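Here the structure is laid out as structure tokens; the discussion comes afterwards.
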Amino acid sequence: MRMEGRETEPLAARMRPTTLEEVVGQDHILGEGKLLRRVIEADRLTNIILYGPPGCGKTTLAEVVAKTTKRNFVRLSGVLSGVADIRKICERARDELGGRGTILFIDEIHRFNKSQQDVLLPYVEDGTVVLIGATTHNPNFFINTPLTSRSLVFELHALEPAAIARLLERALADKENGYGATPSKLDDDARDFLAEICDGDARHALTALEIAMRSTPKGDAGVVHLTLEVIQECVQRRQVRYDKKEDGHYDTISAFIKSIRGSDPDAAVYWLGKMLTAGEDPRFIARRLVISASEDIGNADPRGISVAVAAMQACEFVGMPECAINLSQATTYLATAPKSNASCMAISEAMADVEAGAVQPVPEHLKNKHVKAIGSGEVTEYKYPHNFANHYVKQAYLTVPKKYYRPTEEGYEATISKRLASLGRS
């Protein structure tokens, strides 16, 4: 049996696929006719960066590529390996160039600093090794451009629940590496729950299954019965994939703000709930709400910024967990408010003009002190609007007039548009 001597290995390691056909998911890059599959099957391997969340199969895929192309497989860790390790392995690979070649797999390649990546580059460039790097971070930000430009970058997705369910069933049926030799029954609702709650992480799902199989006593018929209650206990609290300094942080806050901008309160509250559950600082969320209140709602509903600022103050005063309610109120208010980015566009355009060199002098009648116009005996007068009907008088406030603020017809801005039109400023 293949499992002999492997009993101490985690189930997730024992169940790693060994062929492309055994790989579950990632059809967008491994399906028939897709680029990565063509490259592997034609044995025209080039350097590859695999980018995706934990447990989606990056390491597994690298090992399958090595087995399929019959190349040597050497693994380094971006956390533990240094320059000396890189040089030693690459020089050994250079001595063995007459063979099938060497795949150098670097897990967490984003952990390599610039000097480590620079040492690796010549060996990658001259074909001494074929690099397969794995990272949970966006390669465009965390890996040097010289490496990414010499590599094919493939993004792997979190596994769908149906794919996770197939892996669970395979593990229970496999007599060599899984638990096929042990009579067991996994209830459908338990399987579906585990497939859903593992958040696309195959390793998480298989680890929970392993705990369940090892800790659940056999029933009267000698069968290990895995019910929903058993699986829920083994999983305990769902682990939310969210790193406050990494992609998960920025992607989630982006989805949150875009949901507010898109007037979808349900989606906005969901992303808010994900951030708070993962331990995000509520003050960070509150600051983004204050920004959104002016950037996306503006004068279409001037109360929006008051609600957002009040929520920010409530976060300081109340704290978690109760301030989640305040954040939810502000989120749903802003998401359902009429939208306008007119204020945002106005200041962006004005600042762009100033930065481009279109700096206008202050008109004489607007200066702090009334002065005589140069070369003239006349005094330029400032007209005090409150002395005129409707508290308005037409006069120049820019040397070269230009329109920046263009109110929409949404919410209160429709009223603003009418007022400006009545003043002849539309």
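Since every read-out is calculated from the coordinates, none of them should be taken as a lab result. In this text, all values refer to a predicted model and were calculated from it rather than measured experimentally. No Cβ is skipped: glycine too gets one built from the backbone with ideal geometry, and neighbour counts run over all protein chains shown.
Below 15 angstrom from the Cβ of S348, what's the summed charge of the other residues (Lys, Arg +1; Asp, Glu -1)? Before the final figure, lay out each step's value.
Details: positive: K402, K403, R406; negative: E295, D296, E349, D353, E355.
Local net charge: -2.
Report the extension gain between D266 and I291 in nm, rounded to one decimal, defined as 0.36 nm multiplied by the number of residues separating them, less their alpha carbon distance. Kindly include the intermediate steps, with their values, before the conclusion.
Details: separation 25, 0.36 × 25 = 9.00 nm, distance 1.99 nm.
Gain in length upon complete extension: 7.0 nm.
Given the options A202, V400, H365, identify the residue whose Cα lies farthest towards the positive end of the charge dipole of the chain (+1 on Cβ of Lys, Arg; -1 on Cβ of Asp, Glu).
Farthest along the dipole direction, towards plus: H365.
Using a Förster distance of 35 Å, how high is the FRET efficiency between A173 and K258, based on the Cβ-Cβ distance and rounded to 0.05?
Working: r = 43 Å, r/R0 = 1.22.
E(calc), rounded to 0.05, equals 0.25.
Excluding R44 itself, what net charge comes from residues whose Cβ is under 12 Å from its Cβ, given Lys and Arg +1 and Asp and Glu -1? Don't skip to the end; give the middle numbers.
Details: positive: R37, R38; negative: E41, D43.
Cβ neighbours under 12 Å give a net charge of 0.
Mind listing the phi-derived Karplus ³J(HN,Hα) values for the range 314-323, rounded to whole Hz, using 6.51, -1.76 and 1.60 with θ = phi - 60°, and x for any glycine or proline?
3J(HN,Hα) across the range 314-323, in whole Hz: 5, 4, 5, 7, 9, x, 7, x, 5, 5.
Each residue of the range 47-52 in order: what ³J(HN,Hα) in whole Hz does its phi give by Karplus 6.51 cos²θ - 1.76 cosθ + 1.60, θ = phi - 60°, with x for Gly and Pro?
Listing the rounded values in order: 5, 9, 10, 9, 10, x Hz.
What dipole magnitude, in Debye to the nearest 20, does the range 26-155 give about its Cα centre under +1 on Lys/Arg Cβ and -1 on Asp/Glu Cβ?
Values: 17 positive and 15 negative charges, 29 e Å.
It works out to roughly 140 debye.
Which one, (1) 22.2; (2) 35.2; (3) 27.1, gives Kirkwood radius over Cα pairs in Å as derived from the coordinates shown?
(3)
I'd like the antiparallel share, as a percent to the nearest 5, of DSSP beta bridges with both residues in the chain. Walk me through the intermediate numbers first.
Working: 1 of 23 bridges.
In the chain, DSSP labels about 5 percent of beta bridges as antiparallel.
Only Cα pairs within less than 10 Å get springs; with that Gaussian network setup on the chain, which residue of L80, L147, L167 has the largest fluctuation?
Highest fluctuation of the listed residues: L80.
Which of the chymotrypsin sites (Phe, Trp or Tyr not before Pro) found in the range 97-158 are loop residues per DSSP with 11 or fewer other Cβ atoms within 10 Å of their Cβ? Mind showing how you got there, number by number?
Details: sites: F105, F112, Y123, F141, F142, F154; in loops: F112.
Answer by residue number: there is no such site.
So for the pair S149, I325, with labels modelled 7 Å out along Cα→Cβ, what separation do we get in nm?
It works out to 5.7 nm between the two label points.
To the nearest 0.05, what FRET efficiency results for K418 and L366 with a Förster distance of 30 Å applied to their C-beta separation? Before the final figure, lay out each step's value.
On the way: r = 27 Å, r/R0 = 0.89.
Computed FRET efficiency for K418 and L366: 0.65.
Compute the helix-to-body angle for 202-215: its Cα long axis versus the longest principal axis of the chain, expressed 0 to 90° and rounded to tens.
On a 0 to 90 degree scale, this one is about 50.
Would you mind calculating the gained length between N72 and A181 on full extension (0.36 nm times residue separation, minus the Cα-Cα distance), in nm to one decimal?
Details: separation 109, 0.36 × 109 = 39.24 nm, distance 3.27 nm.
In short, 36.0 nm is gained.
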